[in-house]
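Peer 1: Pasting a structure here, questions to come.
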Amino acid sequence: MPVIEINAIDDAATGPGLVELSTALCDLSPGAPVVVMIHGYKYSPLHSLANPHDLLFSLTPKRGGRTLSWPRHLGFGRGTPTEGLCIAFGWHARDTIWHAANAAHRAGAVLGQVIAGIRRQHPGPVDIFAHSLGARVALAALHPLDAGDIGRMILLSGAEFRATARQALDTPAGRTAEIVNVISRENDLFDLMFERLLQPPTRFDTAIGTGLTDAPLGWRDLRIDEDATRNTLKSLGFQIPPPARRFCHWSGYLRPGLFALYTAILRERMCLRALPEAAPLRLPRLIPRVLPPLPLSRSASS
């Protein structure tokens, strides 16, 4: 089964995937990837209309628009022997932003336990693909894990503070993980709201969307709104168009061409040193660059 459903409910792992997981791991081809997908704010496996397993995590999502199939775009569901195992990790990310932010930390602890169980049976590392508050879940999961348990993480428009991220990186699992932090000034408004609504761990701390200065060697900021970044990616064979909106929280997975890059990172183990380094953020937040006016995206789920 290419997609395994596991949920964090009431600080415990539940879901039909727990029964299937052990067998699925035994059936994995050598070297096949194990990827955990983590959704962001406004999704919940407890909500019938916002169930991520029917939407982002489904091979055949129930509705279109921003709801595209993450596993299919990451190369799962094709029936090939080497496609690997995809774990769809759901958690209750609804109610207020404060409730969801606290729930993300607890869900991260549950995910850490799930991954530790996988590693007891699986010789290879586990990769993570996460969006928005899902990045907080992913980083929190590093704390209980051992060195080498996590291979690579791709964090899209991550809703987490830089100080908290550094604490997660200063763990055995964090020091050995390779992390691509996909960021864009399209997310400035959402980063700003996150910083103003939640209490930062240190005064004047900002979200990881501003980039992680003095980051460990395993961390790579990838700023997808910069022309220089897209030109370098084009030279590597990845055609990424420029931003279509001034503000958009979902461009990290909706922008054409990006899933081809993510697949190369997770499946082909592309050398991350080949990725362009993010340019320093010189302009203050929300000051537009010299560009023609762009329409605002409609508000929606993270």
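The values are calculated or read from the model by the stated rules, or taken from the named source; none is laboratory data. Owing to the predicted nature of the structure, the values given are computational and were not obtained by experimental measurement. Here the Cβ is made from the backbone with ideal geometry for all residues, glycine too, and neighbour counts use every protein chain on show. SASA here: full protein model, heavy atoms, side chains in, ligands and nucleic acids out. Shrake-Rupley method; radii C 1.70, N 1.55, O 1.52, S 1.80 Å.
Peer 1: What accessible area per residue, rounded to a whole number of Å², is obtained for segment 1-153 using a probe radius of 1.4 Å?
Peer 2: Per-residue value: 39 Å².
Peer 1: Related question: At 1.4 Å probe size, with the rest of the protein present, what percent of the exposed accessible area of segment 123-236 is carbon and sulfur atoms?
Peer 2: 52 percent
Peer 1: Please compute the contact order of segment 91-153 in relative form: average sequence separation of alpha-carbon pairs under 8 Å and at least six residues apart, divided by the residue count, as a percent.
Peer 2: Relative contact order, segment 91-153: 39 percent.
Peer 1: Considering amide H positions built from the backbone, and no H for Pro or chain starts, which residues 5 or more places from Met153, or on another chain, come under 5 Å of its amide H?
Peer 2: Ile128, Glu178, Ile179, Val180
Peer 1: Let me ask something else about it. For every other residue with a beta carbon closer than 12 angstrom to the beta carbon of Thr60, add +1 if it is Lys or Arg and -1 if Asp or Glu, then tell me the sum.
Peer 2: It works out to a net charge of +2.
Peer 1: Note down the relative contact order for the chain as a percent, whole number, built from C-alpha pairs under 8 angstrom at least six residues apart.
Peer 2: Value for the chain: 16 percent.
Peer 1: Given H placed on each backbone N at 1.01 Å, which residues far from Glu5 in sequence or on other chains put an amide H within less than 5 Å of it?
Peer 2: Counting only residues 5 or more places away or on other chains, the set is Gly17, Ala88.
Peer 1: Also, I was wondering about something else. At 1.4 Å probe size, put Phe194, Phe247 in order of accessible surface, largest to smallest.
Peer 2: Correct descending sequence by accessible area is Phe247, Phe194.
Peer 1: Next up: Run the quick spin-label model on Leu46 and Ala32: label points 7 Å from Cα toward the beta carbon, then report their separation in nm to one decimal.
Peer 2: 3.4 nm
Peer 1: What does the extension gain come out to for Thr96 and Ala228, with contour length at 0.36 nm per residue minus their alpha carbon separation?
Peer 2: 43.8 nm
Peer 1: Run through the DSSP bridge list for the chain and note the antiparallel percent, rounded to the nearest 5.
Peer 2: 10 percent
Peer 1: Per residue of segment 66-78, in order, report the coupling 6.51 cos²θ - 1.76 cosθ + 1.60 (Karplus, θ = phi - 60°) as ³J(HN,Hα) in whole Hz, putting x for Gly and Pro.
Peer 2: 6, 8, 10, 7, 4, x, 5, 6, 8, x, 9, x, 9
Peer 1: Roll a 1.4 angstrom probe over the protein heavy atoms and tell me the percent of accessible area of segment 1-79 that is carbon or sulfur.
Peer 2: 54 percent
Peer 1: Taking only Cα atoms, what is the 0 to 90° angle, nearest 10, from helix 97-121's long axis to the longest principal axis of the chain?
Peer 2: 40 degrees
Peer 1: Further question: Which whole-number percentage describes the relative contact order of segment 182-275, with Cα contacts under 8 Å and a sequence gap of 6 or more?
Peer 2: Across segment 182-275, relative contact order equals 31 percent.
Peer 1: Per residue, what accessible area does segment 202-270 have, given a 1.4 Å probe and all protein chains present, in Å²? It would help to have the intermediate numbers written out before the result.
Peer 2: Numbers: 3200 Å² over 69 residues.
Ligands and nucleic acids excluded, the figure is 46 Å² per residue.
Peer 1: With θ set to phi - 60°, apply the Karplus curve 6.51 cos²θ - 1.76 cosθ + 1.60 along segment 214-223 and write out the HN-Hα couplings as whole Hz, x wherever there is a Gly or Pro.
Peer 2: Taking θ as phi minus 60°, the curve returns 6, 6, x, 4, x, 9, 9, 7, 10, 8 Hz for segment 214-223.
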